[in-house]
Amino acid sequence: QQLSQYTQYVFNHFSVNPAVAGAKNCIDLRLGYRQQWTGLEGAPTTGWLSLHGTLRPKGKPFQANKHGIGVFMETDNAGNWGYTRFLLAYAYHIQMSRDYFISMGAFGGFEQVKFDVGNAVTMNPDDPALDGKASVMLVPEITPGIWAYSKVMWAGMSIHQIVGNAYKGIGTESRLARQVMLSGGYKYRLAKKTALIPSTLLKFSKGAPMAVDINAMVEYDRKLAVGVGVRPGDAVTFLLKFGFMQYFQLGYSYDVTTSKLRVGSSNTHEIILAITPCGKESASRRAINCPAFD
C-alpha cells in the first residue's frame with residue numbers, strides 16, 4: 001500500500017486530484033486521520049493536512065478563468081514502512097459555460113520513505129535487502145491531473161507517482177509504482193433541499209488488481225449527509241458528514257472489513273475536519289462556490 005486509502009474520497013478530493021486546487025471561491029483547509037484495520041499489528045495509519053485556494057487579482061473578485069494553488073502534507077505508516085509526503089499544487093481552471101469548469105493541475109514535491117530494519121524478520125539474517133539505509137528522500141514527486149466539475153457533477157483523472165522513483169539504498173530493486181485514479185459522481189436532486197450523490201473511485205496500478213470504491217450519499221440542505229459504500233473484496237463502508245458553525249464540516253466513516261483480515265483485526269475509522277469560509281453564492285458573480293463534491 002504505497003498510497004493511502006481513503007473512504008471519504010468525496011470529502012477529500014484534493015488528495016486524489018491536484019486539479020481540484022482552487023475549485024472553491026475561498027480557502028479550503030482539511031485535517032484528517034485514518035486508523036485502518038484496528039487491532040492488527042502494523043496496520044496502516046494515516047494523518048494529513050490539505051490547504052488550497054484561488055489566486056485573484058485585487059479588485060476582481062470573480063474571473064471566468066482562474067488559478068488555484070495549494071499544499072498537501074501526509075504521513076502514512078504500515079508495518080515496517082513509513083511515508084511522509086510534502087506536495088505543492090497548481091491548477092488552472094477554465095470556464096466552459098455558465099456552470100461548468102475544466103481544470104488541469106499537478107502536484108510537485110518530495111517524499112521520504114522509511115523502513116524499520118530493526119523490526120524486519122527474514123529467513124536469512126544476512127539478507128542483502130536489509131543491508132541499507134533506514135530512510136531515503138525521493139525527489140521529485142509529481143502527480144498530474146485533469147478535472148471537470150459543476151454544481152451537479154464531477155469527473156477526473158490523476159496519475160500518482162508518475163516518475164516511478166527508485167528507493168536507492170532501501171531494498172534491492174524497490175521503486176514507487178505509478179497509479180492511475182479515475183473518479184466521478186453526480187448530484188441528483190430529490191427535493192428542494194435533498195439530493196442523492198452516487199460516486200465511484202477507480203485505481204489502477206501495475207501488478208495489482210483494479211481497486212474500486214462505490215459510494216452513495218443522501219444530503220440534506222448541504223448540512224447533513226449519510227451514506228453507504230462498498231469496496232469489493234475489502235469492506236462495506238458507512239459515512240456521515242455534517243456542517244456546524246457556518247464554516248465547519250465534520251466527516252466520519254466506518255469500514256466493516258469483509259476480507260479475510262476480519263479474522264485478525266477490527267474495522268476502520270476515518271475522520272476529517274474541513275474549514276471552508278465561503279460566503280453565500282452570488283448569482284451576479286456566476287461562481288460555483290459549492291461544487292457537487294463539497
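Things to note:
- Members of the stretch 234-259 that are of a type in the set (Ser, Thr, Tyr) and either in a loop (DSSP other than H, G, I, E, B) or open to solvent by less than 20 Å² (accessible area, probe 1.4 Å) (or both): Thr237, Tyr247, Ser253, Thr257, Thr258, Ser259
- Of the candidates Ala225, Ala208, the single residue that is open to solvent by less than 50 Å² (accessible area, probe 1.4 Å) and of a type in the set (Gly, Ala, Ser) is Ala225.
- Any chance Val10 is among the β-branched types (Val, Ile, Thr) and open to solvent by 10 Å² or more (accessible area, probe 1.4 Å): yes
- Some residue of the stretch 2-19 being over 17 Å from the mean Cα position of the chain (by Cα) and at pLDDT 90 or above: no
- For the stretch 93-112, residues that are hydroxyl-bearing (Ser, Thr, Tyr) and more than 19 Å from the chain's Cα centre (by Cα) total 2.
- Some residue of the stretch 20-43 being touching a Phe, Trp or Tyr at 6+ places or on another chain (Cβ under 6 Å), under 22 Å from Gly229 (Cα atoms) and open to solvent by less than 20 Å² (accessible area, probe 1.4 Å): yes
The values are calculated or read from the model by the stated rules, or taken from the named source; none is laboratory data. All values derive from a computational prediction rather than experimental measurement. Cβ: placed from backbone, ideal geometry, glycine included. Neighbour counts: every protein chain shown. Only protein heavy atoms, including side chains, enter the accessible area calculation; ligands, DNA and RNA are left aside. Shrake-Rupley method; radii C 1.70, N 1.55, O 1.52, S 1.80 Å.
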